[in-house]
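The values are calculated or read from the model by the stated rules, or taken from the named source; none is laboratory data. Only a predicted model underlies this, so the values are computations on that prediction, with no experimental measurement involved. Virtual Cβ from ideal backbone geometry, glycine too; neighbours counted across all protein chains shown. For accessibility, only protein heavy atoms count, side chains too; no ligands or nucleic acids. Shrake-Rupley method; radii C 1.70, N 1.55, O 1.52, S 1.80 Å.
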Amino acid sequence: MVDAAYVTAQRIEHAQRVHQITLLGPVAPDPSHQTKAQNRFDKASFTVDWDGHQVVCPRGQTSRTWKPLRISGHDYIQVRFGEAACRACTDRAQCTNSEVRPRSLALLPTRELHEIQQANRLDQRTRQWQDRYAIRAGIEATLSQNIRTCGLRRTRYRGLRKTHVQHILTALACNVTRIADWIATPAQKQRAPSHFHALCTATS
């Protein structure tokens, strides 16, 4: 269970395929203005035909182009619809803010990654997912304590096995410290009665 900085569709797929674990964390939402506004056609509103290399819009129009795209060192697929069809669409205002250009989409490079992204975006809106992820509450404070008091950011040894032992010992040290703090904390004293309460008790 990790925070959003560590979660992408590629990392979820890699964790499952290589390590056989489920990487649980919030996938970044679709940043498009269509997603932020209501009653707009966001990416999830389009049907992707991966075998035919086409996308169908909510009004039944089929995309014209399907080609690779690279953005900030990452691979995508750019899908673009026909200009004439987009201009004539009566729902154009729900789809794009451009008055001239047709609607285009940037998809993840494979069907598997696209489906992982879409499924996780839908799943993390549910109460069940949020209850499951709630177990991570407080982990940031634990990491901060281990970094400040136990030097978690630096390994004292060479090799993964020895480093793993250090992680276990660091976790043990954190637990011992917290138990010691809990034992040393004095029990909370009963609050002294107010002057008004003492007066009422004395006269009753």
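The table that follows gives values for the structure above.
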| quantity | calculated |
| --- | --- |
| Qualifying positions in segment 156-169 - assigned to a helix (DSSP H, G or I) and either open to solvent by 70 Å² or more (accessible area, probe 1.4 Å) or under 19 Å from Val2 (Cα atoms) (or both) | Leu160, Arg161, Lys162, His164, Val165, His167, Ile168, Leu169 |
| Unmet criterion (only one of (1) in contact with a strand residue (DSSP E or B) (Cβ under 7 Å, 6 or more places away or on another chain); (2) within 15 Å of Thr96 (Cβ to Cβ)) for Thr47 | (2) |
| Criterion violated by Thr8 - all others in (1) over 19 Å from Asp75 (Cβ atoms); (2) surrounded by 11 or more Cβ atoms within 10 Å (Cβ to Cβ) satisfied | (1) |
| Verdict on Arg121 being outside any strand (DSSP E or B), touching a Pro at 6+ places or on another chain (Cβ under 9 Å) and surrounded by 13 or more Cβ atoms within 10 Å (Cβ to Cβ) | yes |
| Matching residues in segment 20-38 - criterion: being more than 17 Å from the chain's Cα centre (by Cα) and at pLDDT below 95 | His33, Gln34, Ala37, Gln38 |
| Subset of segment 11-38 that is open to solvent by less than 30 Å² (accessible area, probe 1.4 Å) and aliphatic (A, V, I, L, M) - its residue that is nearest to Pro109 (Cα to Cα) | Ile12 |
| Complete set of residues in segment 144-155 that are out of contact with any Leu (no Cβ under 7 Å at 6 or more places or on another chain), surrounded by 12 or more Cβ atoms within 10 Å (Cβ to Cβ) and in a helix (DSSP H, G or I) | Gln145, Ile147, Thr149, Cys150 |
| Residue in segment 105-118 that is farthest from Thr35 (Cα to Cα), counting only those that are open to solvent by less than 50 Å² (accessible area, probe 1.4 Å) and of a type in the set (S, T, N, Q) | Gln117 |
| Failed criterion for Phe41 (all others in (1) modelled with pLDDT of 95 or more; (2) open to solvent by less than 80 Å² (accessible area, probe 1.4 Å) hold) | (1) |
| Residue check for Ile116: within 30 Å of Arg132 (Cα to Cα) and among the β-branched types (Val, Ile, Thr) | yes |
| Sole exception among (1) in a helix (DSSP H, G or I); (2) within 31 Å of the chain's Cα centre (by Cα); (3) at pLDDT below 90 for Thr201, by number | (2) |
| Segment 45-61: number of residues that are open to solvent by 60 Å² or more (accessible area, probe 1.4 Å) and under 18 Å from Ala93 (Cα atoms) | 2 |
